[in-house]
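Encoded as structure tokens, here's the structure I'll be asking about.
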Amino acid sequence: MHGGHYIGVLSGTSLDGLDIVLTTITNSGNVQQTDALSWPLPADLQQRCALLCTPGNNEIVHFGIADRQFALAVVAGIQELLSRNQLQAKNIRAIGSHGQTIRHHPELTPAFSIQLGCPHTIAALSGIDVVGQFRQKDIALGGEGAPLAPALHQQIFASRDRYRVIANIGGIANITALPPHQIANDSAATKVIGFDSGPGNTLMDHWVQKHLHTPFDRNGEWAAQGTADSSLLAELLSDPYFHRQGPKSTGREYFTANWLAKALQRRSQISPENVQATLLELTARSLTDAIIQLAGVATQPELEVYVCGGGAQNKQLLKRCQELTNACNASNASNAPAKMAWLTTEALGVHPDWVEGVLFAWLAWAHCAGKQINLSSVTGASRPAILGGYFPAH
């Protein structure tokens, strides 16, 4: 009997704070979000995390300090969540803590992925058992270690008779293609597919922080003032990552400020707002191209796309995604569905800000229940596995 309250915690590639979600999960794995909060990360920790995403001096010391700092921030946020829900540590079955990814290199031999947020510290100071280090088992089995979200998307968002795509737009964007249950149950060829499509908000956030000194481009308003530069966009889209087939995953340590700066070296005449418009177009194009090219989508007369993550709040980005898919449909492209609707996961009952928090609460439940998660068609892992490590509070 493993049902009860579970808490999911993560900090995404945008580094804008912790998402902490309280859930109630049944013995069979049905999950309901009951509360959530966004908990700020100290400015010095944000800076240290950002520095750790690229090579630098004294990395081991910086990692050790950030690892503990991050865990302390998690504990403080969880204590606030418990207090406002009049709960105690003993009422929580486990915390699912993803941590903050600082390096993710599935392309290296051997592959590895590193997350901050010492789970021993979280368990000891919160008094709650912790499940963490979710990516490592998948990598040990030959997988990419990411994305992990498709397992939850299949559990809570799949439809019996409609083909759906879940687009999670955080710092990095990833997609999950969900065939209808009736097809998935009848055909081994129609598996859940998911992968990282490329940058989501990370480059747009970097650029607006650099020029307007605000954390993000609210509703894409600054990007809307500019015009995408076709030459810059073409160079950015020529990166080999966009032409790789899945399974594939990436992170902000790949799509860095330096990655953008190299493309801008010969284009100093482009205005800042036009660069921002180009970065929004990069996210929209790479995301919509990936969705349209997904195996199985071409046979669907209608396709529903549900967006979650911070990008769901960017009205200009979603508007551009809808325009791109409408244009593809109007051109009668052979691989385009006849109709593609862009909505947010709120239409499916989960606020787009909290889907990934729910994910790690659910993965903690799955670990405690001994449930094997099958991500073979997503990450390339050789077999299903129980993900994560268990860190008891006592």
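Note the listed values [x] 44; [y] 50; [z] 38, then indicate which one is percent of Cα pairs over 28 Å apart calculated from this particular structure.
Entry [x].
Follow-up. Can you tell me how much longer the chain between residue 315 and residue 50 gets when fully stretched, taken as 0.36 nm per residue apart minus their C-alpha distance, in nm with one decimal?
92.7 nm
At what distance in nm do the modelled label points of residue 383 and residue 57 sit from each other, each positioned 7 Å from its Cα along Cα→Cβ?
Going from the residue 383 label point to the residue 57 one covers 4.9 nm.
For segment 17-141, what size does the Cα cloud have along each of its three principal axes, sorted from largest down, in whole Å?
Cα spread of segment 17-141 along its principal axes, largest to smallest: 44, 35, 22 Å.
Could you give the size of the charge dipole of segment 47-176 about its Cα centre, using +1 on the Cβ of each K and R and -1 on the Cβ of each D and E, expressed in debye and rounded to the nearest 20?
360 debye
Taking each full run of DSSP H in the chain as one helix, which ones are at least 18 Å long along their axis (Cα atoms) and have mean Kyte-Doolittle hydropathy of at least 0.5?
59-84, 355-368
How large is the charge dipole for the chain, taken about the Cα centre, if only the Cβ atoms of Lys, Arg (+1) and Asp, Glu (-1) carry charge, to the nearest 20 debye?
440 debye
Compute the FRET efficiency between residue 271 and residue 369 as 1/(1 + (r/R0)^6), taking r as their Cβ-Cβ distance and R0 = 45 Å, and round to the nearest 0.05.
0.25
If you don't mind, another one. Rounded to a whole number, what % of the accessible area of the chain do carbon and sulfur atoms account for, probe 1.4 Å?
Looking at the chain in its full context, I get 50 percent from C and S.
Springs between alpha-carbon atoms under 10 Å, Gaussian network over the chain: tell me which of 233, 178, 22 tops the mean-square fluctuations.
233
Sticking with this one: Which one of 243, 344, 256 has its Cα pushed farthest toward the positive end of the charge dipole of the chain, where Lys and Arg give +1 and Asp and Glu give -1 at the Cβ?
It is 243, whose Cα lies furthest towards the positive end.
Please compute the length gained on full extension between residue 209 and residue 262, using 0.36 nm multiplied by the number of residues separating them and subtracting their Cα-Cα distance.
17.2 nm is the gain from fully extending residue 209 to residue 262.
Using Cα centres only, tell me the gap between segment 221-267 and segment 137-164 in whole Å.
Measuring centre to centre over Cα atoms gives 26 Å.
Continuing with the same structure: Any of 191/371; 319/339; 210/319; 137/315; 315/371; 90/371 with alpha carbons more than 27 Å apart? Name them for me.
Result: 137/315; 315/371 exceed 27 Å.
When only C-alpha pairs under 8 Å and at least 6 residues apart count, what is the relative contact order of segment 134-237, in percent?
18 percent
The values are calculated or read from the model by the stated rules, or taken from the named source; none is laboratory data. Worth saying up front: this structure is predicted, and the values here are computed from it rather than measured. Every residue, glycine among them, receives a Cβ derived from its backbone with ideal geometry; neighbour counts consider all protein chains shown. Heads up: the accessible areas ignore ligands, DNA and RNA and are worked out on the full protein's heavy atoms, side chains in. Shrake-Rupley method; radii C 1.70, N 1.55, O 1.52, S 1.80 Å.
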